[in-house]
1. Looking only at the chain, where both bridge partners belong to it, what percent of the DSSP beta bridges are antiparallel (to the nearest 5)?
2. Mind giving me the nanometre distance, one decimal, between the label points for Leu39 and Met115, set 7 Å out from Cα along Cα→Cβ?
3. Trypsin sites (Lys or Arg not before Pro), restricted to region 99-191: which are DSSP loop and have at most 15 other Cβ atoms within 10 Å?
4. How large is the translational diffusion coefficient of region 50-113 in µm² per second when you combine the Kirkwood radius over alpha carbon pairs with Stokes-Einstein at 37 °C and 0.692 mPa s?
5. Using a 10 Å Cβ count of at most 14 others and DSSP loop calls, identify the longest part of the chain lacking such chymotrypsin sites (Phe, Trp or Tyr not before Pro).
6. Using only Cα atoms, tell me the angle between helix 165-176 and the longest principal axis of the chain; keep it within 0 to 90° and round to the nearest 10.
7. Give me the one-decimal nm value for the distance between modelled label points at Met30 and Thr88, 7 Å along each residue's Cα-to-Cβ direction.
8. Placing +1 on the Cβ of each Lys and Arg and -1 on the Cβ of each Asp and Glu in the chain, which of Cys62, Asn73, Ile98 has its Cα farthest towards the positive end of the resulting dipole?
Amino acid sequence: MVPPEPSPSPAGRPLRVATVSLAGCFGCHMSLLDIDERLFTLAGHVQLDRSPLTDIKRCGPCDVGLIEGGLCNAENVEVLRAFRAQCTLLVAVGACAINGGLPALRNGLDVGTLMTEVYANNRPGLAPGSAIPNDPELPLPLARVHPLHEVVHIDLFLPGCPPSAEVIWDFLHAVVQGHIPQADPALIRYD
Ligand code: SF4
């Protein structure tokens, strides 16, 4: 079925949209791509800024920022703050962004102990001489994984693991038309 054509953006120009994956698995971005042919419909109404789909590294001024994943290291926090500063509407996409999701399963454990267990102690499968990574270019892990709203204000939440393509389409379609959308609970799933 041919999807309905969105009306022109109320701003009279394409919406500028940025996306990023922090402590996530890219499954939410895959769900965005599952919009399939409707991506062509959106293409005339949306310009992508920073995104894994453009490889732009810094977020510029945007109408919408879509963030997948929670916060597990210092770089995640830096990127989140940059998105908050640049995006009018900041959206937490998926369970990891909303409540920490799977990465937050480590929150009951001490991060130092975890690193030692994973990278040291001569665990089977580790290369001889393996050690805890300590390159200064690596972002420092946080003591626990945080959802986005614990650090910055989030305007909208798209729940699901991942949110379905229908949820993401409904959201983007509504924003292009100048509405603040609400996800239909019937479309939310956690598989
Ligand atoms: Fe992956 Fe689910 Fe987290 Fe999205 S919410 S990043 S699909 S684990």
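All of the numbers you see were taken from the coordinates with simple rules; none came from a lab. Nothing here was measured: the structure is a model prediction, and the numbers come from that model. Cβ placement follows ideal geometry from the backbone for every residue including glycine, while neighbour counts extend to all protein chains displayed.
1. Values: 3 of 20 bridges.
Restricted to the chain, the bridges split so that about 15 percent are antiparallel.
2. Between Leu39 and Met115, the label points sit 3.7 nm apart.
3. On the way: sites: Arg106, Arg144, Arg189; in loops: Arg189.
Answer by residue number: Arg189.
4. On the way: Rh = 12.8 Å.
So the translational diffusion coefficient is about 256 µm²/s.
5. Details: sites that count: Phe26, Tyr190.
Maximal segment without exposed cleavage sites: 27-189.
6. 50
7. 3.3
8. Of the listed residues, the answer is Asn73.
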